[in-house]
Amino acid sequence: MAKTEEKYDVTLSDAEWRQRLSQEQYAVLRRHGTERAGTSPLDKRYDPGTYVCAGCGQKLFSSETKYDSRSGWPSFWKPLDGGVGTSTDHKLIYPRTEVHCSRCGGHLGHVFEDGPAPTGERYCMNGVALKFEPKG
Ligand code: FE
């Protein structure tokens, strides 16, 4: 899907995003930054719940699809239906598939083809772009 053609339900100005988000959240979600590996407390968390977008609150991933990829970033083998969109990222020599929130367009991370069964996908997410909502 061509990112330039995507329309998001949540659209804020750059100034509004800066106000709403922490510096770290802004750098990742709105500027396609990457948090340092191993810095997110969500990386080692496996209790039941839902991971939502830190920008707009949309539900993105279930704890049921979270696994330890040993990459230092929270990793999932599948997003929730309709939660995320993808685009092609040409920032490095090899193209990668960028993953963002389908509601606000906030950058979340990338998806790779070296994940576990049943999908074989690894959604490699920046923990700072997510908020964890424990079940119940
Ligand atoms: Fe969002």
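The values are calculated or read from the model by the stated rules, or taken from the named source; none is laboratory data. Because the structure is predicted, anything quoted here is derived from the model rather than measured. Here the Cβ positions follow ideal geometry from the backbone for every residue, glycine too, while neighbour counts run over all protein chains shown. Surface areas here come from the heavy atoms of the whole protein model, side chains and all, with no ligands, DNA or RNA. Shrake-Rupley method; radii C 1.70, N 1.55, O 1.52, S 1.80 Å.
How many of the residues making up segment 47-69 are away from the ligand (no atom under 12 Å from the Cβ) and more than 12 Å from Glu133 (Cα to Cα)?
6
Do the conditions hold for Arg45, that is, is it in contact with a Phe, Trp or Tyr (Cβ under 8 Å, 6 or more places away or on another chain), under 26 Å from Val10 (Cα atoms) and open to solvent by 20 Å² or more (accessible area, probe 1.4 Å)?
no
Condition check ((1) within 13 Å of the ligand (Cβ to nearest atom); (2) at pLDDT 95 or above; (3) open to solvent by 30 Å² or more (accessible area, probe 1.4 Å)) across all residues:
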residue	(1), (2), (3)
Gly82	yes, yes, yes
His90	no, no, yes
Tyr94	no, no, yes
Thr97	no, yes, yes
Cys104	yes, yes, no
His110	no, yes, no
Gly115	no, yes, no
Thr119	no, yes, yes
Met125	yes, yes, no
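Tell me which of these Gly55 doesn't satisfy, since it passes every other one: (1) under 11 Å from Asn126 (Cα atoms); (2) in a loop (DSSP other than H, G, I, E, B); (3) open to solvent by less than 90 Å² (accessible area, probe 1.4 Å).
Of (1) under 11 Å from Asn126 (Cα atoms); (2) in a loop (DSSP other than H, G, I, E, B); (3) open to solvent by less than 90 Å² (accessible area, probe 1.4 Å), only one is false for Gly55: (1).
Out of all the residues in segment 5-26, which are in a helix (DSSP H, G or I) and touching a residue at least 40 places away in the same chain (Cβ under 8 Å)?
Glu24, Gln25
Among the candidates Tyr51, Tyr67, which residue alone is within 24 Å of Leu12 (Cα to Cα), touching a residue at least 40 places away in the same chain (Cβ under 8 Å) and in contact with a Pro (Cβ under 9 Å, 6 or more places away or on another chain)?
Tyr51
Within segment 58-66, can one find any residue that is assigned to a loop (DSSP other than H, G, I, E, B) and either closer than 25 Å to Lys7 by Cβ or not hydroxyl-bearing (Ser, Thr, Tyr) (or both)?
Yes, the conditions are met somewhere in segment 58-66.
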